[in-house]
Amino acid sequence: MSVTVRVPAKVNVQLAVGAARPDGFHDLANVFLAVGLYDEVTATAADELRVTCEGPGSDQVPLDRTNLAARAAELLAARYGIAPDVHLHIAKDIPVAGGMAGGSADGAAALVACDALWGTKASRGELLDICAELGSDVPFSLVGGAALGTGRGEKLQPLEVGGTFHWVFAVADGGLSTPAVYREFDRLTPDAPAPEASPALLEALRTGDTEALAATVTNDLQPAALSLFPSLADTLAAGTAAGALAALVSGSGPTTAFLTADAASAHKVADALTSSGTCRTARLATAPAQGAQTV
Ligand code: C5P
C-alpha cells in the first residue's frame, strides 16, 4: 500500500525579522503565501526507513536522516511507539535550497503520508506540533493558503485571501544557506526593531488587490541575500524591466519572486527572465495554493 501527498511551495510576501534571540532564532512577522509549485511525497511500507528523490536538483537533496521527510517519519513513529519502516519517495518540483520551503514541504507531506499509511490518525494539533519541531516553516506547509507566522515563524494565524495572484519565480544557479543569510542579516542589521505585520499588506491580501500587494511586499532578508549573492540584483532588475509589479527575494533566497498583473504579464516576465541569462529557469505559479493534501 502507498499514500501520496502533494504539498505546495511558499513565498513570503512580508518577512519582518527582529534581533537574534538567545536560542539563535529570530522573532519574525512572516506573512506566508502558498504558491502552486508542488512536491509529491509517496510513503510505501518497507523493511526500513529509506528516502529516494527524483526531479530537478534532486542530486542536492540529502537522502539520510537529515532529510526532513525522514525526520517527520521518525518523530511520528516515536510518538506512537512504532518502527519508522517506510520508503519515502520525493518527486521534486520546488526549487532545492531556493528559499521556497521545499525541504519543509517534504517534511509536512511525509508526516501526512505516514499518518495515513500507518493509521496513526494524529490530530491536526499533534501534526502541527511535530511540524514545529521539524522546522520553523513546516507548519505552514501543512496548512497552506496564507498565514501570519510569529515567534520563529511557527505560530500561525490563518489569513483571508480575496483573489488569485500571478507570480513568476526565477530559479538561481546555486543555493543559499538559510543560517548563513540570517548571520549576514545580523551583521548588516545590528539594531533590528521588533517585527510587525503590515496592516496595509494584510488588507491587500484580504481584498485580492495585486497592485496594493505589490506596493507593500517586503523582505528584511533581501539585503543579506543580495550581499551573499550579488548577481540576484540583475535578476530583480530584469523582471522589473519586463513589467513585474514587484520583485523580491523569496525568503532567504536565492529564488527571486515577481508579482505580475495577470497571466499574460506573467508569461511575458517569465520569457524575459529566461532570455536575460540572469537565472537558470523561470517558473509560473498562482497563489494561494492548498496545503498538504493526499492525492
Ligand atoms: O527552523 P529551521 O530549521 O527551518 O531554521 C533553519 C535556520 O534558519 C536556523 O537554524 C536559524 O539559523 C535560521 N532561522 C532563524 N530564525 C527563524 C527561522 C530560522 O534564525 N525564525
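A quick yes/no check of all residues on (1) under 24 Å from Gly253 (Cα atoms); (2) assigned by TED's automatic domain parsing to the domain that holds Glu203; (3) surrounded by 16 or more Cβ atoms within 10 Å (Cβ to Cβ); (4) within 13 Å of the ligand (Cβ to nearest atom):
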position	(1), (2), (3), (4)
Gln14	yes, no, yes, no
Leu28	yes, no, yes, yes
Glu54	yes, no, no, no
Gly57	yes, no, yes, no
Leu63	yes, no, no, no
Leu68	yes, no, yes, yes
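Only residues that are in contact with a strand residue (DSSP E or B) (Cβ under 9 Å, 6 or more places away or on another chain) and over 20 Å from Gly151 (Cβ atoms): list them for the range 186-204, please.
Initial filter on the range 186-204 (in contact with a strand residue (DSSP E or B) (Cβ under 9 Å, 6 or more places away or on another chain)): 186, 189-198, 201-202, 204.
Those that are in contact with a strand residue (DSSP E or B) (Cβ under 9 Å, 6 or more places away or on another chain) and over 20 Å from Gly151 (Cβ atoms): Pro190, Asp191, Ala204.
Residue under question is Pro254, and the condition is that it be assigned to a loop (DSSP other than H, G, I, E, B) and without any contact (Cβ under 8 Å) to a residue 12 or more places away in the chain; does it hold? Show your work before the answer.
Working: assigned to a loop (DSSP other than H, G, I, E, B): yes; without any contact (Cβ under 8 Å) to a residue 12 or more places away in the chain: no.
Against the criterion (assigned to a loop (DSSP other than H, G, I, E, B) and without any contact (Cβ under 8 Å) to a residue 12 or more places away in the chain), Pro254 does not qualify.
Can you say whether Phe32 is open to solvent by 40 Å² or more (accessible area, probe 1.4 Å), among the aromatic types (Phe, Trp, Tyr), assigned by TED's automatic domain parsing to the domain that holds Arg152 and within 13 Å of the ligand (Cβ to nearest atom), as far as the supplied structure shows?
Working: open to solvent by 40 Å² or more (accessible area, probe 1.4 Å): no; among the aromatic types (Phe, Trp, Tyr): yes; assigned by TED's automatic domain parsing to the domain that holds Arg152: yes; within 13 Å of the ligand (Cβ to nearest atom): yes.
The answer is no for Phe32.
Say whether the condition of being within 16 Å of the ligand (Cβ to nearest atom), in contact (Cβ under 8 Å) with a residue 12 or more places away in the chain and small (Gly, Ala, Ser) is met by at least one residue in the range 76-91.
First, the residues of the range 76-91 that are within 16 Å of the ligand (Cβ to nearest atom): none.
No - not one qualifying residue is present in the range 76-91.
Do we have Pro22 as within 16 Å of the ligand (Cβ to nearest atom), more than 25 Å from Gln290 (Cβ to Cβ) and open to solvent by 20 Å² or more (accessible area, probe 1.4 Å) here?
Values: within 16 Å of the ligand (Cβ to nearest atom): yes; more than 25 Å from Gln290 (Cβ to Cβ): yes; open to solvent by 20 Å² or more (accessible area, probe 1.4 Å): yes.
So Pro22 passes the test.
Among the numbered criteria (1) within 18 Å of Arg50 (Cβ to Cβ); (2) within 16 Å of the ligand (Cβ to nearest atom), which one does Trp118 miss?
The failed condition is (2).
The values are calculated or read from the model by the stated rules, or taken from the named source; none is laboratory data. Given the structure is predicted, the values throughout are model-derived calculations rather than measurements. Virtual Cβ from ideal backbone geometry, glycine too; neighbours counted across all protein chains shown. Ligands, DNA and RNA are stripped out before the accessible areas are found, and what is left, the full protein with its side chains, is counted by its heavy atoms. Shrake-Rupley method; radii C 1.70, N 1.55, O 1.52, S 1.80 Å.
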